[in-house]
Amino acid sequence: MNHNLVTLTDISKSFGDQLILDKLNLSIRENEFLTLLGPSGCGKTTTLRILGGFEAPDGGQVIFDGQDITNLPPNKRNLNTVFQKYALFSHMNIEENIAFGLKISGKSASYIKDKVKYALKLVNLDGYENRLPDSLSGGQQQRVAIARAIVNEPRLLLLDEPLGALDLKLRQDMQYELIRLKNELGITFIYVTHDQEEALTMSDTIVVMNQGYIQQMGSPEDIYNEPQNAFVADFIGESNIISGIMLEDKLVEILGAKFPCVDIGFGKNKPVDVVIRPEDVDLLSPEEGTIQGVVTHLIFKGVHYEMEVEANGFEWLVHSTDMFPVGQKVGIHVNPFDIQIMHKPESEDEEAIGVNE
């Protein structure tokens, strides 16, 4: 098991009277690809900036490899940051851009030349040394920015929405590049994004944040399949989130019908939130379903059909490789294993914090 490279302890930060981070605790293991995921304003970028030394926390500690670096300036930390705005020096060629940090730290010319060559090779830009940034595409400029960061051999690379300005195809290519780079270089990556798919594709660990709190932390599979609250379920992919009543262990009432499930420990006749992913809703002939409904919308999405089914007063979102035309009566069935039960938050504040049972 890799040891913790970075530990944030009780980090708090306010801007004016707005509390952005409230006693945040987070540990990041060496060689991990950890993503901070959440809507804008959730505190993820502030967390990254505190890690990088660009913001000072109001309270709490940043420990890096056993050393307290809370008050160290960015250039004294063994890490580098790649921002969404690449900020390349337009009057310098690519080689000079990448070599900038090495020059400042007084490395020899031959060392710098070798390093720059190696870094360009890593980001698939062999032979671009003498080009100027303006002659490169957005994706190439972003790769130069990443090369500029990795050439300094940081133990930790901070990436703040670095693919945000790229089009979809380029983003997907860059996602694979980043995973490959992390594996080749053995650097710890901390990545900030509001893009769920990006987080699910790239991360070893995802930290879902909302309103300055960590809602849930786990592997992409955990976060997707076992969301701990309605915020996480709704934020990561599409979900049917329905109010239900936990009648007893392993039996939940949804929209007036009884559905077997696998959850226990919620008590008897307790109100709960029920999460069912669209791909886990099985459409059958009406008499075979637990409840009956009618298909109201149908879109072909390439891999699957996306349908809406009106059943017992709820619009179910369904993804299926089978097509049921609009107007067709269907039965809805869900495997017990695919029903996820969550506590209902009692208050808005509790909703913000996320009830971690």
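The values are calculated or read from the model by the stated rules, or taken from the named source; none is laboratory data. Because the structure is predicted, anything quoted here is derived from the model rather than measured. Backbone-built Cβ (ideal geometry, glycine too); neighbour counts: all protein chains shown. Surface areas here come from the heavy atoms of the whole protein model, side chains and all, with no ligands, DNA or RNA. Shrake-Rupley method; radii C 1.70, N 1.55, O 1.52, S 1.80 Å.
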Reach of Lys13 by Cα under 29 Å, taken over lysines that are not fewer than 8 positions away in the same chain:
Lys23, Lys44, Lys76, Lys85, Lys344
Probe 1.4 Å, all protein chains in place: accessible area of Glu248 in Å², nearest 10?
90
Accessible surface, per residue, of the chain when the full set of protein chains is kept, probe 1.4 Å, Å²:
48
Quickly estimate the mean residue ellipticity at 222 nm for the chain, helices only: each DSSP H run with n ≥ 4 gives -39500 (n - 2.57), and the total goes over all residues, rounded to 500.
-7500 deg cm²/dmol
For the chain, with the dipole built from +1 on Lys and Arg beta-carbon atoms and -1 on Asp and Glu ones, taken about the Cα centre, which of Leu122, Gly293, Ile63 lies farthest toward the positive end?
Leu122
Cα centroids of segment 261-279 and segment 123-189: how far apart, whole angstrom?
43
Can you tell me which lysines have their Cα less than 22 Å from the Cα of Lys113? Leave out same-chain residues fewer than eight positions away.
Lys103, Lys121
What does the accessible area of Ile146 come to, in Å² to the nearest 10, when a probe of 1.4 Å is used?
0
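Starting from the residue with the highest accessible area, list Phe324, Phe33 in decreasing order, probe 1.4 Å.
So the residues, ranked largest to smallest area, are Phe324, Phe33.
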Eligible aspartates and glutamates near Lys107 by straight Cα distance, threshold 19 Å, same-chain separation 8 or greater
Glu95, Glu96, Glu129, Glu153
In what sequence, largest accessible area first, do Arg143, Arg180 appear using a 1.4 Å probe?
Arg180, Arg143
In segment 211-231, which residues have a backbone nitrogen under 15 Å from the label point lying 7 Å from Asp338's Cα in the Cα-to-Cβ direction?
225-226
Report the charge-dipole magnitude of segment 97-163 in Debye, nearest 20, computed about the Cα centre from +1 at each Lys and Arg Cβ and -1 at each Asp and Glu Cβ.
280
